[in-house]
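Structure first, commentary second.
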Amino acid sequence: EKGGYEHFMLKEIHQQPQTLADCMRGRLSLEAPYVKLGGVDEYEKTISNAKRFIIAACGTSWHAGLIGEYLFEDLARIPVEVEYASELRYRNPIIQEGDVVIALSQSGETADTLAALELAKDKGAMLYGVVNAVGSSIARLTDAGSYIHAGPEIGVASTKAFTGQVALLTMMAISLGYKRGRIPNSYFHKLISELHNIPAKIERALRCEEQIKYIAKEIKDRQNALYLGRGFNFPVALEGALKLKEISYIHAEGYPAAEMKHGPIALIDEEMPVIVIATNRSAYDKVVSNIQEVKARKGMVIAVVTEGEKTISEMADYTIEIPDTEEPLTPLLSVIPLQLLSYHIAVMRGCNVDQPRNLAKSVTVE
Ligand code: F6R
């Protein structure tokens, strides 16, 4: 059942080249080229003319939603708000006809997300589901949607569902951006061919596993960890921190890298490992200076960089290389080493990786 892997989580991490290929199959064509999402095409007018998108989700799915915000804003120029479903449902939120509410959920059964959708429906919004579990409550309640086709996710810590959600939102943003005339032809082609290459690049990113085990040994007895990222990779920092908390019980926080100096820098000393996602071309110099600030305070820096990167590799204690891609697609690659890192740290600490204490796979009560 675990396909030769020690845990479901490890199997699911390694399945990602395949699950993402499944997610994109039939939806993406290099030759034409096109991006086709049944749910989006069916409601094209409503979605394309939406005044704004409201993304509602919990936990890891909420992190995928934050990446969605960057994607829709950057590629399709659609205003987006990302909400914790648990907050949205109790806030008397301003939701109107013309709004599209996108629910992200692996299980399709999360009580808070379902309740937020019921509320949005009453207020006249169109509901779109990005769901893994076929035929689940959220899939049934929404007007339209797209399955991510990740297959059953057994490990409590979500991995392949996260990348599936991000890939789906990426396809949606590219498709809408193109239809709305916000993406020039050449960039459209480039994004499609890069997306097509993502499964093979994840395969390559997974090769860092031996190195990750080595780094995991260095971190496993620490009390805290800090994750930093910017732009598209800020939500990946949040996700890396959540993965570590959930399965290894090490306290971790994710921050936008530039926020460090507004508080968290006070925590940095020789005991603090800082995991920095440093793949963004657009804020490269700024991330370099964040790393210098950490090193000046004797923090341990683990940097996730683009293959061939030199400057950061010389400054960081450890560097993990991932393949280059277009910036909006980097989260699909940068999250891979963070998933592996949390997994191996948890195993070394003797934790129950697939069923961490106090957690359930789907939270069907408040
Ligand atoms: C994280 C995790 C949870 C879920 C959250 C939402 O690894 O498993 O944070 O992401 O409970 O669940 P779904 O996506 O099923 O609505």
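The values are calculated or read from the model by the stated rules, or taken from the named source; none is laboratory data. Keep in mind that this is a model prediction, so the values were computed, not measured. Because the Cβ atoms are built from the backbone with ideal geometry, glycine has one as well, and the counts that use them run over all protein chains shown. Surface accessibility is based on the protein's heavy atoms, side chains included, excluding ligands, DNA and RNA. Shrake-Rupley method; radii C 1.70, N 1.55, O 1.52, S 1.80 Å.
Considering the stretch 126-141 alone, what residues qualify as being more than 12 Å from the ligand (Cβ to nearest atom) and open to solvent by 20 Å² or more (accessible area, probe 1.4 Å)? Let's see the steps before the verdict.
Pass one, the stretch 126-141, residues more than 12 Å from the ligand (Cβ to nearest atom): 126-128, 134-135, 140-141.
The answer is Val134, Gly135, Arg140, Leu141.
Leu238 meets the conditions (1) more than 16 Å from the ligand (Cβ to nearest atom); (2) under 21 Å from Leu333 (Cβ atoms); (3) in contact (Cβ under 8 Å) with a residue 24 or more places away in the chain in every case but one. The failed one is (1). Just give me the residues in the stretch 29-48 being surrounded by fewer than 23 Cβ atoms within 10 Å (Cβ to Cβ), touching a helix residue (DSSP H, G or I) at 6+ places or on another chain (Cβ under 6 Å) and not in a loop (DSSP other than H, G, I, E, B), in sequence order. Passing the criteria: Val40, Ser48.
Looking across the stretch 162-176, just one residue is under 10 Å from the mean Cα position of the chain (by Cα) and hydroxyl-bearing (Ser, Thr, Tyr), and that is Thr163. Per the listing Tyr214, Tyr227, Tyr255, the residue uniquely touching a helix residue (DSSP H, G or I) at 6+ places or on another chain (Cβ under 8 Å) and open to solvent by 60 Å² or more (accessible area, probe 1.4 Å) is Tyr255.
Being more than 11 Å from the ligand (Cβ to nearest atom), aromatic (Phe, Trp, Tyr) and within 20 Å of Glu83 (Cβ to Cβ) is a condition met by no residue of the stretch 154-166.
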